[in-house]
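Enquirer: Below is the structure I would like to discuss, written out as structure tokens.
The values are calculated or read from the model by the stated rules, or taken from the named source; none is laboratory data. Keep in mind that this is a model prediction, so the values were computed, not measured. Quick reminder, even Gly has a Cβ in these numbers, built from the backbone with ideal geometry, and neighbours come from all protein chains shown. All accessible areas refer to the heavy atoms of the entire protein, side chains included, with ligands and DNA or RNA removed. Shrake-Rupley method; radii C 1.70, N 1.55, O 1.52, S 1.80 Å.
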Amino acid sequence: MASLFHFKHILSVLLLLPLIISSISTDEKVKTFIFRIYEESKPAIFPSHTNWYASSFTSSSKILHIYDTVFHGFSASLTKSEADSISRNNPSSVLAVFEDQRRELHTTRSPQFIGLRNQHGLWAESDYGSDIIIGVFDTGIWPERRSFSDLNLSPVPSRWKGVCQSGVQFTSNSCNRKIIGARFFANGHEAGFGGAGGPGYVNTSVEFRSPRDADGHGTHTASTAAGRYAFKASMSGYASGIAKGVAPKARIAVYKVCWKNSGCYDSDILAAFDSAVNDGVDVISISIGGGDGVSSPYYLDPIAIGSYGAVSKGVFVSSSAGNDGPTGMSVTNVAPWITSVGAGTIDRNFPADVLLGNGKKLNGVSLYAGKPLDGKMYPLVYPGKSGLLSASLCMENSLDPALIEGKIVVCDRGSNARVAKGLVVRKAGGIGMILANGVSNGEGLVGDAHIIPACAVGFDEGDLVKAYIASSKLATATIVFRGTVIGIKPAPIVASFSGRGPSGLTPEILKPDLIAPGVNILAAWTDAVGPTGLESDTRKSEFNILSGTSMAAPHVSGAAALLKSAHPNWTPSMIRSAMMTSARNNDNRFQPVTDESTGKSSTPFDFGSGHLNLDLAMDPGLVYDITNADYVNFLCSIGYDPKTIQVITKAVANCATTRKSQPGNLNYPSISAIFSSSGEGVTTKSFIRTVTNVGAVNSVYRPKIESPRGVKISVKPTKLVFTETVKKLSFAVFVTMDSHNMVMDDSGGLYGYLSWVDGKHVVRSPIVVSQINPL
């Protein structure tokens, strides 16, 4: 009897154990975790990795995505304890586990500004780019726009394996010969990580559970990269003309990974990389990144991991460099296999003048298209005089109508959206708004489609307005809107918001790689929201004007599509090299490109190799190619162990047998020479580079060297001779620093250039010299 009692007691405990475990688990928050699995460890008994994951790691109901192309593994909704248990119990299979993170979006004349002209160069051939497929990772697309017409386009490339995924207000008929595929990725989003609605939540009042774009950002970036010709385009009369993308004949594949008001999740982004590469895209454009200017280690960054998988299979990846400038080391998406793109201005602007009652005129920018003020002077007020920070920023419910009604209000930039400040002013009875930059924004201005008469002014002008208000009891002002002005000089200028180098992860690799148009860019827009994106903005606009490195990256994506079409055998690194070594460092005054935030000359920490110049990139002469093995050697050189490298590359690396290299010896088109700040006297660093001749078979190149003060740059050999049998040649660059004669500039670096010249081509590489404190 006693034995029977004990047996029943044990059985009852075992039966209750799942309930006990369940009750314990519910005390922990369920999150999304991404598991990198060593694919070859799958037991033969399982017919597929999907069966294996669901049987041996977790239940199929908890699995969100299965990854099997650029990345092997899965993502699942689990508690941290469950995730830790899976990792602990499967040490030979689980290479890494990381928690899902939320990312943010880095939010007509620009194609000509990067060197494209109608009937010339890469636009000369009637079908250029039609064989290339650009995958756009963003908020979806509004397919009815003229920018996505397939009129006279040839059939979809036969190699395409993608689908047109149906959903809310989006059917298979929403795709055509231009938009050849569309998918949406919501599992990570719907898992409830940070979501206000919990698991399965999609706010259908503001979103479409489909590839349809409720935000506008994705429609804008897709048409920037590859929009068709759209005549009589404008945003409420601004920037009128012909709107077209960089590669008008290229095909678009849509991968909706970002959701209105709730960001983009790593698990969904990684799934999009997996699908896009498997579908057959040639280029991936991704204007997404961390919102704080901080880069995660490569092995914990799904954008870096997914991009490596894509690049290793021949897919070019262009990404925004982030909008956290002008602070140094604010550049994001810095993996050396990603082409990181900063933002510059173009030679078009939308000026507005602030006329003060004391007779002074201040220059600003605006896209306001409503009823003008007609020169009438209104009382001028700065609510920040009260000492309340929220009032100075014109935050929601911060303004006293008794102070604001009938006046033009000065609002400081920051905290809430620029256009939202105007709504706050209007609710309080204000007539108009002057949006003043803070010190971090400097003189950098972007246009906004304000809902009240408003314009943005720089930091200096903002101070002048506030000083005028402080000195006068009857301060008045009006705003005059000047429309669109073309031929602005200087241009380009590095946008103040554009992410700046050096890279916080591997400063041996200069980032950003280059800049492209990213300020006040006209492109297609959604019908789901007005041009400001505010719920109260009921205006409909076929086009909108936006600024950000989000707008710059698709310019490079479209450029890559044209270059890939012209040179089908070029690798992603060859395409990037062609863009970088042909980039321009001078503006349209033939003066060095300036920095919008300071008004001084910009540096390679700001613009990388320079501003995209696609006409010259078509025929670069020489290119710097990088193989998968080169990237593995680079990862070994920065101290990653084989298991960590395998998380990124899928390949088993053996750093012990790899020739020991320095990170700076990756065959990159730029050079970053880092010296110890404790060094005394003369120190030399050497760098090895290999160039591939893609120009005339029999070519001779000689170096042209520009050395900064206190630094000597030399190269061996001093002549590169290419023949029918000699396609690749290597050379060494020696950078010698004399600490007694070298003085860093305000940006923390010194800047030189190495150019290989053959009489036709100038293959130019920036050389950055900097110092770091030893650990």
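Enquirer: Could you tell me which of the residues T571, T506 is of a type in the set (V, I, T) and open to solvent by 10 Å² or more (accessible area, probe 1.4 Å)?
Expert: T571
Enquirer: Restricting the search to the stretch 282-300, which residues are within 18 Å of T69 (Cβ to Cβ) and open to solvent by 10 Å² or more (accessible area, probe 1.4 Å)?
Expert: Answer for the stretch 282-300, where residues must be within 18 Å of T69 (Cβ to Cβ) and open to solvent by 10 Å² or more (accessible area, probe 1.4 Å): just D282.
Enquirer: If you go through the stretch 751-772 one residue at a time, do you hit one that is in a loop (DSSP other than H, G, I, E, B) and either of a type in the set (A, V, I, L, M, F, W, C) or under 26 Å from T327 (Cβ atoms) (or both)?
Expert: Of all residues in the stretch 751-772, those in a loop (DSSP other than H, G, I, E, B) come to 758-761.
Within this subset, residues satisfying the condition of being either of a type in the set (A, V, I, L, M, F, W, C) or under 26 Å from T327 (Cβ atoms) (or both) are none.
No: the stretch 751-772 contains no residue that is in a loop (DSSP other than H, G, I, E, B) and either of a type in the set (A, V, I, L, M, F, W, C) or under 26 Å from T327 (Cβ atoms) (or both).
For (1) within 16 Å of N544 (Cα to Cα); (2) open to solvent by 10 Å² or more (accessible area, probe 1.4 Å); (3) out of contact with any strand residue (DSSP E or B) (no Cβ under 8 Å at 6 or more places or on another chain), each residue gets a yes or a no:
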{"position": "I133", "(1), (2), (3)": "no, no, no"}
{"position": "E144", "(1), (2), (3)": "yes, yes, yes"}
{"position": "S154", "(1), (2), (3)": "no, yes, yes"}
{"position": "F170", "(1), (2), (3)": "no, no, no"}
{"position": "F185", "(1), (2), (3)": "no, yes, no"}
{"position": "R212", "(1), (2), (3)": "no, yes, no"}
{"position": "H217", "(1), (2), (3)": "yes, no, no"}
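Enquirer: Give the stretch 139-159 a look and list any residue that's part of a loop (DSSP other than H, G, I, E, B) and closer than 18 Å to A222 by Cβ, or say none. Lay out the reasoning, then the answer.
Expert: Here is the first cut: in the stretch 139-159, the residues part of a loop (DSSP other than H, G, I, E, B) are 139-140, 142-145, 149-159.
Answer for the stretch 139-159, where residues must be part of a loop (DSSP other than H, G, I, E, B) and closer than 18 Å to A222 by Cβ: T139, G140, W142, P143, E144, R145, S149, D150, L151, L153, V156, P157.
Enquirer: Just for the stretch 32-85: of the residues that are open to solvent by 40 Å² or more (accessible area, probe 1.4 Å) and charged (D, E, K, R), which one is farthest from K643 (Cα to Cα)?
Expert: Across the stretch 32-85, the extreme among qualifying residues is K62.
Enquirer: Checking S747 against (1) closer than 21 Å to G501 by Cβ; (2) in contact with a Gly (Cβ under 8 Å, 6 or more places away or on another chain); (3) open to solvent by 60 Å² or more (accessible area, probe 1.4 Å); (4) among the polar types (S, T, N, Q), only one condition comes out false. Which one?
Expert: (3)
Enquirer: From S550, S557, S536, S565, which residue is assigned to a loop (DSSP other than H, G, I, E, B), on the phi < 0 side of the Ramachandran plot and either under 18 Å from the mean Cα position of the chain (by Cα) or surrounded by fewer than 22 Cβ atoms within 10 Å (Cβ to Cβ) (or both)? Spell out how you get there, then give the answer.
Expert: Values: S550 fails: assigned to a loop (DSSP other than H, G, I, E, B); S557 fails: assigned to a loop (DSSP other than H, G, I, E, B); S565 fails: assigned to a loop (DSSP other than H, G, I, E, B).
One residue alone meets the criteria, S536.
Enquirer: All but one of (1) in contact with a strand residue (DSSP E or B) (Cβ under 7 Å, 6 or more places away or on another chain); (2) at pLDDT 95 or above; (3) more than 26 Å from N586 (Cα to Cα); (4) open to solvent by 40 Å² or more (accessible area, probe 1.4 Å) hold for D758; which doesn't?
Expert: Here D758 meets the rest and fails (3).
Enquirer: Still on this structure: Starting from residues that are surrounded by 14 or more Cβ atoms within 10 Å (Cβ to Cβ) and of a type in the set (S, T, N, Q), keep the ones in the stretch 696-715 and report whichever is nearest to Y753 (Cα to Cα).
Expert: S707
Enquirer: Can you give me the number of residues within the stretch 407-438 that are open to solvent by 30 Å² or more (accessible area, probe 1.4 Å) and either within 18 Å of L388 (Cα to Cα) or more than 29 Å from the chain's Cα centre (by Cα) (or both)?
Expert: To start, the set of residues in the stretch 407-438 that are open to solvent by 30 Å² or more (accessible area, probe 1.4 Å) comprises 407, 413, 415-418, 426-427, 431.
Next, from what is left, pick out any that are either within 18 Å of L388 (Cα to Cα) or more than 29 Å from the chain's Cα centre (by Cα) (or both): 407, 413, 415-416, 426-427, 431.
Residues in the stretch 407-438 being open to solvent by 30 Å² or more (accessible area, probe 1.4 Å) and either within 18 Å of L388 (Cα to Cα) or more than 29 Å from the chain's Cα centre (by Cα) (or both): 7 in total.
Enquirer: Select from the stretch 308-329 the residues that are modelled with pLDDT of 95 or more and part of a loop (DSSP other than H, G, I, E, B) and write down the one among them that is most open to solvent (accessible area, probe 1.4 Å). Before the answer, list the steps.
Expert: The initial filter retains those residues of the stretch 308-329 that are modelled with pLDDT of 95 or more, namely 308-321.
Next, only the ones that are part of a loop (DSSP other than H, G, I, E, B) stay: 312-315, 321.
Working: S312: 44, K313: 113, G314: 29, V315: 6, A321: 0 Å².
Restricting to residues being modelled with pLDDT of 95 or more and part of a loop (DSSP other than H, G, I, E, B), the top hit is K313.
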